[in-house]
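Step one of this worksheet: look at the structure below.
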Amino acid sequence: MDASLLAESKRTAGYRAAEMVEDGTVIGLGTGSTVFFAMERLGERIGDGLSIAGVPTSYQAAQRAREYGIPLTTLDEHPEIALAIDGADQVDPGLCLIKGRGAAHLREKCVADAADAVIIVIDAAKMTGRLDAVVPVEVLPFACGLVSRRLKDLGGLPALREGVKKDGPIITDNGNFVIDSDFGEIPDPVSLERQIAGIPGVLGSGLFTTFSGKIRVVVGEGREFRIV
Ligand code: 5RP
């Protein structure tokens, strides 16, 4: 997709999600370029009198929220929240997701669990018939080798995620590493999420298969959008 059309699609989805936020609510703030558009619009709405507080899912999300004037709170203070807005890397027809290109999926999963409803904002290219993107897995650094072996046993091709300079593993906001594991097409994402979660040393994977019942997906297509 052409870069400007992609940015426009992301903005359309993000802005639309921001319109769905009700006054007086606490919302989860996911991480990623599409959610940041939602935050931009929320900032404008706050300027017009909207009163909300956001639970950020990463250092980066907190920074953006501050830039846009969104008051912040914590999951400890609000273990139940009305709505979370988040992005995704792939979405299948049953609303199972792969997330985590921004390495924030562990906190994002906690926030999705705490939320009554989750709005996923994506561009149309991320809708897929079957999930086949690499699955990010946040791991305890101590158990990195063990987790890689177990991911191979599950049919994955694991690779430790490195920074752009390739000078070492990226460190998540939680002090852990990320292993990206390629499983090719994933016929049973529910089972794979469970199996990965069962490996000692795994903190959480980017497979989100348990939230389908409360997810709405806002798909941006240029200036148009559709809700799935
Ligand atoms: C971060 C995520 C992001 O939401 C996901 O990678 C999508 O990002 P973007 O909106 O920039 O394409 O899961 O952990």
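Nothing in this text is a laboratory measurement; each read-out follows from the coordinates by a stated rule. Just so it is clear, the structure is predicted and the values come from calculations on it, not from any experiment. As a convention, Cβ positions derive from the backbone with ideal geometry for all residues, glycine included, and neighbour counts pool all protein chains shown.
Cα centroids of the range 118-150 and the range 181-228: 8 Å apart. Taking 0.36 nm per residue of separation and subtracting the current Cα-Cα distance, fully stretching the chain between Asn174 and Leu72 would add 34.9 nm. Nearest 5 is fine: what % of DSSP beta bridges in the range 55-165 come out antiparallel, could you say? Counting DSSP beta bridges with both partners in the range 55-165, the antiparallel share is about 25 percent. Note on Ile227 and Met127: the model spin-label points, each 7 Å out from Cα along the C-beta direction, lie 1.5 nm apart. Bridges between two residues of the chain, per DSSP, are antiparallel at a rate of about 50%.
Modelled spin labels at Ser4 and Thr25, positioned 7 Å past Cα toward Cβ, are 3.4 nm from each other.
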